[in-house]
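**Student:** Structure incoming, see below.
What follows is calculated from the coordinates using simple rules that are stated; it is not laboratory data. Every value quoted in this text rests on a predicted model; they were computed, and no experiment measured them. No Cβ is skipped: glycine too gets one built from the backbone with ideal geometry, and neighbour counts run over all protein chains shown.
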Amino acid sequence: MNNLLNIYHVFLYGVRRLLSDSRIFIVGIITILYLLMIGDALHQYILIAGEPITPWLFPFIMANRNCVLVLFLLLVLLFCDAPYIEENAYLLFLRCGRTVWMFGQLLYTIIISISYVLFVVIITIVMNLFDCVALQDWGRVFYTLANTNAAELVDLPIQISKALILHFSPKNAMVFSITLSCLAAIFLGSIVFLLNLAFSKLIGSIVGSMFVLFQFLSSNASGYTMTYFSPISWVNLDSLDFLGISCMPSIQYAFAFFCLSILIFWLCSFMIIRNKDIIIS
C-alpha cells in the first residue's frame, strides 16, 4: 500500500510540475488554435450547406498527415524534459526508491498521453457544438465532403477520407482512432523517456520528432513498406488493413507492435535507472 501511495505521489508531483510549466499552456493554445482553424472552415461550409455536422471529426483529423505532424510534435514538446529529476524532486526520488519512482513515471507518461488525446477529441467536438447533431451515421456533411469537391468552397485544410466512411461506422472509427492515438502517444512518451534517461534530454526529443516526421514521409511514399516501420502512421485508420485483404499492416500488427515496444522501452528504462548515477538538473 505504501508503494502504491508513493507511486501516486511521484505521478502527482509530475502533474503539478507540468501545470507550473509554460509549455503546457503553449501546447494547449497552439492545439486549440490549430483545430479551430479547421473548425472555422467546417463552420463556413455548414452555413453554405445548411446541414448540421456530426461529432465524428476526430478520425478524419488523424487521417491527415499534416494534422498528425502538428499534434504529435506538440506531444513531443510535452515530454521533452524527461526524466523529470530536478533538485526539488530529488528528495522524493530518494525517499521512494528507484523502482517506485519509475512506476510513477510510467503512470505519468500513460495518463498525460491519454489526457492529451482526449483533449484533442473534446476540442474537435466542442468547436462545432452549436452546429452539431448526434446521429448514428456520418451525416450528410461528411458524406458530401468525402465524395465531392465541396471542400474547395471553403478551402478546408483537411481531406475527409472517403475510404474511412466506406469501411467504418462512426463509433468504430472513433474507438479505433482514440485507442491507436493513445498507444502512439504512450509510445512516443516512452521512447523519449528512455533515450533521455540513457543519453541526454536532447536525444530523446530528436528521435521522437523523427518518428513523427517519418509518418509524414511514409504517407507520401509509394507502396506500403515504410508504413510497417512508421508507428505514428497507424493513427490513420486508412493506413491499416482491418480485413486482411491488402499489403498494409494489420490492426493486430499495430497493437502488438505498440504493446511490445512500450514494454521493452520501460524494461530498458528500469534496467538503466538501477545502475545509473543520477545527475540533478
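**Student:** If you plug each phi of the stretch 238-247 into the Karplus form 6.51 cos²θ - 1.76 cosθ + 1.60 with θ = phi - 60°, what whole-Hz ³J(HN,Hα) values come out, in order, with x for Gly and Pro?
**Tutor:** Going residue by residue, I get 5, 8, 10, 9, 8, 10, x, 10, 9, 8 Hz, with x marking Gly and Pro.
**Student:** Please work out the Cα center distance from the stretch 1-32 to the stretch 143-157, rounded to the nearest Å.
**Tutor:** Cα centroid to Cα centroid, the span is 39 Å.
**Student:** Now for a different question. Just to verify a number: FRET efficiency for GLU152 and ILE245, C-beta to C-beta distance, R0 = 45 Å, to 0.05?
**Tutor:** 0.90
**Student:** Nearest 0.05, what FRET efficiency do MET226 and LEU5 give at R0 = 51 Å with Cβ-Cβ as r? Could the numbers behind the result be given before it?
**Tutor:** Working: r = 45 Å, r/R0 = 0.89.
Computed FRET efficiency for MET226 and LEU5 comes out at 0.65.
**Student:** The stretch 213-265 to the stretch 169-198: how many Å between their Cα centroids?
**Tutor:** Result: 12 Å between the Cα centres.
**Student:** If I take R0 = 22 Å and measure r between the Cβ atoms of ALA134 and PHE255 in this structure, what FRET efficiency does the formula 1/(1 + (r/R0)^6) give, to the nearest 0.05?
**Tutor:** The pair ALA134/PHE255 has a calculated efficiency of 0.15.
**Student:** Angle between the Cα long axis of helix 251-275 and the longest principal axis of the chain, 0 to 90 degrees, nearest 10?
**Tutor:** 20
**Student:** May I pose another question? Test of understanding: what is the full-extension gain from PHE270 to ARG98, defined as 0.36 nm times their sequence separation minus their Cα-Cα distance? List each step's numbers first, then the result.
**Tutor:** Details: separation 172, 0.36 × 172 = 61.92 nm, distance 0.83 nm.
The PHE270-ARG98 span can extend by a further 61.1 nm.
**Student:** Can you tell me, using C-alpha contacts under 8 Å and at least 6 residues apart, the relative contact order of the stretch 113-182 as a whole percent?
**Tutor:** Working: 28 pairs, mean separation 30.8, N = 70.
Averaging sequence separation for qualifying contacts and normalising by length gives 44 percent for the stretch 113-182.
**Student:** Only Lys, Arg, Asp and Glu count, each charged at its Cβ (+1, +1, -1, -1), so figure out the dipole size of the chain about its Cα centre, rounded to 20 debye.
**Tutor:** Charge dipole of the chain: 780 debye, to the nearest 20.
**Student:** Using amide H atoms built 1.01 Å from N in the peptide plane, name the residues 5+ places from CYS132, or on other chains, whose amide H lies under 5 Å from its own.
**Tutor:** ILE53
**Student:** Of the options THR109, ILE186, TYR8, report the single residue whose Cα projects farthest towards the positive end of the charge dipole of the chain (beta-carbon charges: Lys, Arg +1; Asp, Glu -1).
**Tutor:** Value computed over the given set: TYR8.
**Student:** So who's got an amide H within less than 5 Å of the one on ASP241, skipping anything under 5 residues away but keeping other chains? H placed 1.01 Å off N, in plane.
**Tutor:** Distant-sequence amide H within range of ASP241: SER250, ILE251.
**Student:** Which whole-number percentage describes the relative contact order of the chain, with Cα contacts under 8 Å and a sequence gap of 6 or more? List each step's numbers first, then the result.
**Tutor:** Working: 327 pairs, mean separation 74.9, N = 281.
Computed over the chain, the figure is 27 percent.
**Student:** Still on this structure, please answer the following. Along each of the three principal axes of the Cα atoms of the stretch 1-83, give the extent in whole Å, ordering the values from largest to smallest.
**Tutor:** Each principal axis gives a Cα extent; for the stretch 1-83 these are 59, 26, 22 Å.
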